[in-house]
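For reference, the structure is listed below as structure tokens.
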Amino acid sequence: MIFYQIDAGGDRNFCYLMADRDGGRAAIFDPAADPARYFPLVEKHRLTVAYIVATHGHGDHTCGIAEAKRVTGGEIVASSHSHIAADIFVDDGDTLSVDCITLRFIHTPGHTDDSMCILGGRKLITGDTLFVGKVGGTDFGE
């Protein structure tokens, strides 16, 4: 597996790149607004981005989605509870394959109603369900 945590800018915001080393298909999670932060890794490993995944609908996690789609051609994936424009909507327990890696979607409302974590192999993408160094914020509404 190819896996990178990439500084997306802002306050401890990260995007992630996960790919099957052999098949060459990849998923990008919460892409940075500037593709220069992750696209050199896509090129370096000769990857094809299949999916662009939003862990939740906050702007600091979705601001790079349209540009990522333009640059990579990947399909946008979001929770069925989300209001963002997506090609694929997923629910708790749904899966998508990135070659030999199965992405399992886990609905984790709390930070937002559409928050989800994604388990791929032994890696868990948490979005803002967990912040770097602390529990995710839940002070955005009821």
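Of all the listed residues (D30, D34), the sole one being under 17 Å from I125 (Cα atoms) and charged (D, E, K, R) is D30. Residue pairs whose Cβ atoms lie under 7 Å apart, separated by 6 or more positions or on different chains, with the first residue in region 89-106 and surrounded by 12 or more Cβ atoms within 10 Å (Cβ to Cβ) and the second of a type in the set (F, W, Y) and modelled with pLDDT of 95 or more, are V90/F105; D92/F105; D94/F105; L96/Y51; V98/Y51. Among the numbered conditions (1) more than 14 Å from the chain's Cα centre (by Cα); (2) closer than 19 Å to M18 by Cα; (3) open to solvent by 30 Å² or more (accessible area, probe 1.4 Å), the only one that L124 does not meet is (1).
Across region 1-38, the number of residues qualifying as assigned to a strand (DSSP E or B) and modelled with pLDDT of 85 or more comes to 16.
If I go through region 41-62 residue by residue, how many of them are more than 12 Å from A26 (Cβ to Cβ), open to solvent by 20 Å² or more (accessible area, probe 1.4 Å) and not in a loop (DSSP other than H, G, I, E, B)? Let's see the steps before the verdict.
So in region 41-62, the residues more than 12 Å from A26 (Cβ to Cβ) come out as 54-62.
Subsequent filtering for residues that are open to solvent by 20 Å² or more (accessible area, probe 1.4 Å) retains 57-60, 62.
The next check asks that each one be not in a loop (DSSP other than H, G, I, E, B); those that pass are 59-60, 62.
The number of residues fulfilling the criteria is 3.
Yes or no: A33 open to solvent by 10 Å² or more (accessible area, probe 1.4 Å) and touching a Pro at 6+ places or on another chain (Cβ under 8 Å)? Steps first, answer last, please.
Details: open to solvent by 10 Å² or more (accessible area, probe 1.4 Å): yes; touching a Pro at 6+ places or on another chain (Cβ under 8 Å): no.
No.
Of the residues making up region 94-104, none is modelled with pLDDT under 90 and either in a strand (DSSP E or B) or over 13 Å from the mean Cα position of the chain (by Cα) (or both). Here K69 meets each of (1) assigned to a strand (DSSP E or B); (2) free of Cβ contacts under 8 Å to residues at least 40 places away in the same chain with one exception, condition (1).
The values are calculated or read from the model by the stated rules, or taken from the named source; none is laboratory data. Since this is a predicted model, take the numbers as computed values, not measurements. No Cβ is skipped: glycine too gets one built from the backbone with ideal geometry, and neighbour counts run over all protein chains shown. To get the accessible areas, we keep the full protein, side chains included, count just its heavy atoms, and leave off ligands, DNA and RNA. Shrake-Rupley method; radii C 1.70, N 1.55, O 1.52, S 1.80 Å.
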